[in-house]
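Here is the structure we will look at.
The values are calculated or read from the model by the stated rules, or taken from the named source; none is laboratory data. Values in this document were obtained by computation on a predicted structure and should not be read as measured data. Note that each Cβ is placed from the backbone with ideal geometry, even for glycine, and that neighbours are counted across all protein chains shown.
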Amino acid sequence: MKMKKLVVLSGAGMSAESGISTFRDSGGLWENYPVEQVATPEGFYRNPALVLNFYNARRKELIGAKPNEGHKLVAELEKHFDVTVITQNVDNLHERAGSTNVIHLHGELMKACSSRNPDDRKCIVELPEHNPVIKIGDKAKDGSQLRPFIVWFGEAVPMFDAAVKETEKADIFVIIGTSLNVYPAAGLVNYLPQESPVYLIDPKDVDVKSVHNVTFIKKGASEGMKELMSLLIK
Ligand code: OAD
């Protein structure tokens, strides 16, 4: 029998229990580091060293972090469903937990790319785990300064079309740990088949008024995923 298609849309809350800061909660990253400085192309051109250091520090934090129970249960869903994970997270915790089909909407922290043409696949490189830093003077294949492979505010989201295609096929849609503040990611729900049930896991209220069929599991990622498993897998 063909497995049902289950699509997960995850955000920073997915990795909170792994010790990685969210963005908009109190004490979140954007409270301590102004977005315009560290997450826009203009910020990078103004002060590239500051931006490189910011992401070098994020990488160090990621290497010390481990997937949490929530990530592991998302990976386990593959035993029962045809799963695609669409994540806004730039960490690799879904992959490290065992998920095999992950679309990164906002880039990947462990990769670097050309600052002339961030989407040029030929220039995207994986950073070594033992020393995952980008320094001023490190060059991409096209001769430009290497930069973090992160989709910054104001930039195109090249993986969005792939994410839409998966969302359109979803029999079940699960949203975990995102405030749904950032577009186009937050607009993915508009591509869902109307009859498909949606499960939303978040300890806080999230505005999903425009979405039908939502079951709200008001819990953190690990506890919420346990509850979801008990609802989906009889
Ligand atoms: P936000 O920081 O906006 O939202 C995090 C969500 O996670 C909130 O709804 C929290 O209530 C929830 N949360 C907190 N702890 C949780 C836990 N233990 N389990 C489950 N949920 C929890 O983060 P995102 O929505 O992911 O983009 O932000 C979207 C994008 O904005 C990010 O990808 C990033 C940022 O600017 C870039 O850096 C390009």
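Return a yes/no flag: does region 48-65 have any residue that is touching an Asp or Glu at 6+ places or on another chain (Cβ under 6 Å) and within 29 Å of residue 227 (Cβ to Cβ).
Yes, some residue in region 48-65 is touching an Asp or Glu at 6+ places or on another chain (Cβ under 6 Å) and within 29 Å of residue 227 (Cβ to Cβ).
Scanning region 127-152 for residues that are touching a Pro at 6+ places or on another chain (Cβ under 8 Å), more than 16 Å from the ligand (Cβ to nearest atom) and assigned to a strand (DSSP E or B) gives a single hit, 145.
Residue 98: among the small types (Gly, Ala, Ser) and within 11 Å of the ligand (Cβ to nearest atom), yes or no? Judged against the criteria, residue 98 is not a match. Annotation note: Cβ proximity below 6 Å between a residue of region 33-61 that is in contact (Cβ under 8 Å) with a residue 40 or more places away in the chain and a residue that is aromatic (Phe, Trp, Tyr) and within 12 Å of the ligand (Cβ to nearest atom) (sequence gap 6+ or interchain) occurs for 39/152; 39/153; 40/152; 40/153; 41/152.
Per-residue answers, yes or no, for (1) within 14 Å of the chain's Cα centre (by Cα); (2) more than 30 Å from residue 3 (Cα to Cα); (3) modelled with pLDDT under 95; (4) not small (Gly, Ala, Ser):
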| residue | (1), (2), (3), (4) |
| --- | --- |
| 41 | no, yes, no, yes |
| 48 | no, yes, no, yes |
| 55 | no, yes, no, yes |
| 68 | no, no, no, yes |
| 82 | no, no, no, yes |
| 86 | yes, no, no, yes |
| 90 | yes, no, no, yes |
| 99 | yes, no, no, no |
| 104 | yes, no, no, yes |
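Here 46, 59 are screened, and the one residue that is out of contact with any Lys or Arg (no Cβ under 7 Å at 6 or more places or on another chain), closer than 16 Å to residue 153 by Cα and among the basic types (Lys, Arg) is 46. Of the residues screened, residue 229 is one that is more than 12 Å from the ligand (Cβ to nearest atom), touching a helix residue (DSSP H, G or I) at 6+ places or on another chain (Cβ under 8 Å) and closer than 25 Å to residue 19 by Cβ.
Of all residue pairs spaced 6 or more apart or on separate chains, those with beta-carbon atoms under 9 Å, a first member in region 208-234 that is free of Cβ contacts under 8 Å to residues at least 40 places away in the same chain and a second member that is of a type in the set (Gly, Ala, Ser) and away from the ligand (no atom under 16 Å from the Cβ) are 212/196; 213/196. In the set (1) within 26 Å of residue 26 (Cβ to Cβ); (2) touching a residue at least 60 places away in the same chain (Cβ under 8 Å); (3) more than 22 Å from the chain's Cα centre (by Cα), the condition left unmet by residue 178 is number (3). Residues that are in contact with a helix residue (DSSP H, G or I) (Cβ under 6 Å, 6 or more places away or on another chain) and surrounded by fewer than 19 Cβ atoms within 10 Å (Cβ to Cβ) within region 111-135 comprise just one, 133.
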